[in-house]
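Quick notes on the structure that follows.
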Amino acid sequence: MPGVPAHVAVTTPSLLIDLFCQVVDNYGDIGVCWRLARRLTEKTPHRVRLWVDNLAAFQRLEPRIDHSGYQDLSDQITLWHWQRIHQVEQAGDVVIEAFGCDLPSPFLPKMLEQNSLWINLEYLSAEDWVNDCHGMPSLQPNGLRKYFFFPGFAPATGGLLREPDLLERRDNWRATPNLRWSQLKELGVPAELCDMLLHGGRQVFLFNYPNAPTAALVRALNNESKPAVILQPHENGTHVSRLASYVHLVKIPFVPQVHFDTLLWGSDLNFVRGEDSLVRAIWAGTPFIWHIYPQENNAHLLKLSAWLDKSPFDDHVKQLQIAWNHADVAGCEDIISALVNRPEHWHAWCHSCQQWASDLARHADLATNLLQFFTLHAGTR
């Protein structure tokens, strides 16, 4: 830092951050917030109070969660249930309202007294208008300082959640094949199917909403010259039935968040749903299909189109993403068959995913951008 002698330590002021999350889309909302809480406290002096309204859903991602409504998850992260909002006397220096969850009304006067920096953390979007709205103030009648913060794919947005060493850890994990076989064994994949994957079978992870055209996936994989093993979490949206001779289904337990990345890293083809799983599938750098969360009046399809415009995918992959989200069985079967059975199409898909992960990793991640924003605005009293 210019003007500061080398022997003088420069410290970052410690901030108390309130992060509010309502579990709406099964696990996507809490998945993002839990990752964000850890990132905001990683190699920083900051503390996070993570407010969650559905501890049962959170427990699926993080088995340590109990149902007391108050729990230390680390030296810097404390979990609070929304019902305990009256038990805190002071609001944080920064308050993050995740995905328009509407803060508890008793908390607003405490924010005003503290002059908290209020961040409206929006859903991930690739639409162009996000670039202009990101970081803009939202004037409040009570004088609180509120700003919009948009995760996104362009440098003008808040970026994507990513740990600094994520891609390096991914590559190191893949360079140690025994880690993959150990995980498959722990998930209950039979030894004969592991052997099949070891000798060139295709591993497919399937995590989707109920209207997904899974029958098209099975038929397309059965047309391939090599066997496939589909790993589908219990309680997933769509049951896969009528398996073909070359396609095998294994129902796996719902894995904690810490193991989700490696499940994606070990699969040749990933079908994911929601926001958190999408971002982790991108960082995996392997072919994937995104099942976007359905919205009224098909608003989600506009978001899907904007995302595909930002993607490096060729026309075949873009058409497949659209067909999967329209539950187009015939269209999905034809396109999946073309992609997995023609080496030139498959290799092009693999390359585009690898390159996109590398390109996006050159941008600052969401937590880094938030911390920089806090530095600029949280101290303004």
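Looking only at segment 106-117, decide whether some residue is touching a strand residue (DSSP E or B) at 6+ places or on another chain (Cβ under 6 Å) and surrounded by fewer than 18 Cβ atoms within 10 Å (Cβ to Cβ). No: zero hits. Restricting the first member to segment 346-369 and to residues that are in contact (Cβ under 8 Å) with a residue 24 or more places away in the chain and among the aliphatic types (A, V, I, L, M), and the second to residues that are in a loop (DSSP other than H, G, I, E, B) and exposed (fewer than 15 other Cβ atoms within 10 Å of the Cβ), the beta-carbon pairs closer than 9 Å and six or more apart or on different chains are Ala348/Asp314; Ala364/Pro155; Ala367/Glu42. Of all residues in segment 36-49, those satisfying the criterion of being in a helix (DSSP H, G or I) and open to solvent by less than 10 Å² (accessible area, probe 1.4 Å) are Leu36, Ala37, Leu40. Does Tyr123 qualify as being at pLDDT 95 or above, more than 18 Å from Ala378 (Cβ to Cβ), hydroxyl-bearing (Ser, Thr, Tyr) and in contact with a helix residue (DSSP H, G or I) (Cβ under 8 Å, 6 or more places away or on another chain)? Considered against the rule, which asks whether it is at pLDDT 95 or above, more than 18 Å from Ala378 (Cβ to Cβ), hydroxyl-bearing (Ser, Thr, Tyr) and in contact with a helix residue (DSSP H, G or I) (Cβ under 8 Å, 6 or more places away or on another chain), Tyr123 comes out as no. In segment 9-27, the qualifying residues are those that are at pLDDT below 80 and closer than 16 Å to Thr44 by Cβ, and the one that is most open to solvent (accessible area, probe 1.4 Å) is Thr11. Scanning segment 24-49 for residues that are hydrophobic (A, V, I, L, M, F, W, C) and touching a Leu at 6+ places or on another chain (Cβ under 9 Å) yields Ile30, Val32, Cys33, Trp34, Leu36, Ala37, Leu40, Val48.
Considering only residues of segment 271-328 that are of a type in the set (Phe, Trp, Tyr) and assigned to a helix (DSSP H, G or I), which is surrounded by the most Cβ atoms within 10 Å (Cβ to Cβ)? The selected residue is Trp324.
Considering segment 83-103, the residues that are within 25 Å of Leu366 (Cα to Cα) and not in a strand (DSSP E or B) include one that is most open to solvent (accessible area, probe 1.4 Å), namely Asp102.
Just name the residue that is most open to solvent (accessible area, probe 1.4 Å) out of those in segment 336-345 that are part of a helix (DSSP H, G or I) and without any contact (Cβ under 8 Å) to a residue 40 or more places away in the chain. It comes out as Glu344. Would you check if Arg362 is among the charged types (D, E, K, R), modelled with pLDDT of 95 or more, out of contact with any His (no Cβ under 6 Å at 6 or more places or on another chain) and surrounded by fewer than 17 Cβ atoms within 10 Å (Cβ to Cβ)? Yes, satisfied.
If I filter segment 50-82 down to residues being in contact with a helix residue (DSSP H, G or I) (Cβ under 9 Å, 6 or more places away or on another chain) and of a type in the set (Val, Ile, Thr), which single residue comes out as surrounded by the most Cβ atoms within 10 Å (Cβ to Cβ)? The selected residue is Val52. I'd like to check something: does segment 157-166 contain any residue that is surrounded by fewer than 20 Cβ atoms within 10 Å (Cβ to Cβ), more than 22 Å from Gly274 (Cα to Cα) and under 21 Å from the mean Cα position of the chain (by Cα)? Within segment 157-166 (the criterion being surrounded by fewer than 20 Cβ atoms within 10 Å (Cβ to Cβ), more than 22 Å from Gly274 (Cα to Cα) and under 21 Å from the mean Cα position of the chain (by Cα)), the answer is yes, since at least one residue qualifies.
The values are calculated or read from the model by the stated rules, or taken from the named source; none is laboratory data. Quantities reported herein were computed from a predicted structural model and do not represent experimental measurements. Neighbour counts run over all protein chains shown; Cβ positions are idealised from the backbone, glycine included. The protein model used for the area step is the full one, side chains on, heavy atoms only, and it has no ligands, DNA or RNA in it. Shrake-Rupley method; radii C 1.70, N 1.55, O 1.52, S 1.80 Å.
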